Amino acid sequence: MKKIIFATNNAHKLSEVRQILADVYEVVSLADMGITDDIPEPYDTFEENALTKAHTIAQQTGCDCFAEDTGLVIDALGGEPGVKSARYAGEGRSTSANMELVLHKMQGVTNRQARFKTVVALLLEGKEYLFEGIAEGNILTAPSGGGGFGYDPIFQPLGYTQTFAQMPAELKNQISHRGKAVQKLLDFLHKV
């Protein structure tokens, strides 16, 4: 089985991506490579942050790899938290504090439209490739469900009565932003 490096140490993201690529690739994490450094995400776009992470790890390892950047984009908040999703409530990266801040800012707001966006950046033989996945939905008024991670308990995808946190992992991976982006990555890798 082929190996590919995923430039992350986020166990939740790693688990989701491994499920999608399991039949074709062995996904190697940064921890598997002995890399524990936090890669900076200094840019204002998902694309730039994903490319920066991929280039950083490619330079450190000398290997082809892919990275991703993901965020929640809420219309009524002018696109917040966006690229700052993981640190929305501060550098502590507290999932519950991030959700609480969103719910606080959304109190009394009737436009609950939002989307998760993922951009996967692949570096393959010195060339850059980008793959995007978007999941449209709405922000609930309170968390619901104990699965998933991040903002999953307050995000209900369009066409579903469950939040991402209430869905089985297999269903979430089929319809989620990350699932869509990684599927595009897989389709591309099948062709090269």
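The values are calculated or read from the model by the stated rules, or taken from the named source; none is laboratory data. Just so it is clear, the structure is predicted and the values come from calculations on it, not from any experiment. With ideal geometry, Cβ positions are generated from the backbone for all residues, glycine too; neighbour counts draw on all protein chains shown. With ligands, DNA and RNA removed, areas are computed over all heavy atoms of the protein, side chains included. Shrake-Rupley method; radii C 1.70, N 1.55, O 1.52, S 1.80 Å.
Summary table
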item: Zone residues, the range 1-35, relative to Ala169, backbone N less than 11 Å from point 7 Å out along Cα-to-Cβ; result: 12-20
item: Cα convex hull of the range 42-139, projected area averaged across orientations, nm²; result: 6.7 nm²
item: Portion, in percent, of the accessible area of the range 73-187 that falls on carbon or sulfur, probe 1.4 Å; result: 50 percent
item: On Cα atoms only, tilt of 95-105 relative to the major axis of the chain in degrees; result: 40 degrees
item: Acute angle (nearest 10 degrees) that the helix 46-61 long axis makes with the longest principal axis of the chain, alpha-carbon atoms; result: 30 degrees
item: Label-zone membership for the range 169-192, site Gln162, 7 angstrom Cα→C-beta point, backbone N under 18 Å; result: 169-180
item: The chain - accessible surface per residue (Å², probe 1.4 Å); result: 49 Å²
item: The chain - Rg (one decimal) and Dmax (whole number), Cα, Å; result: 16.4, 52
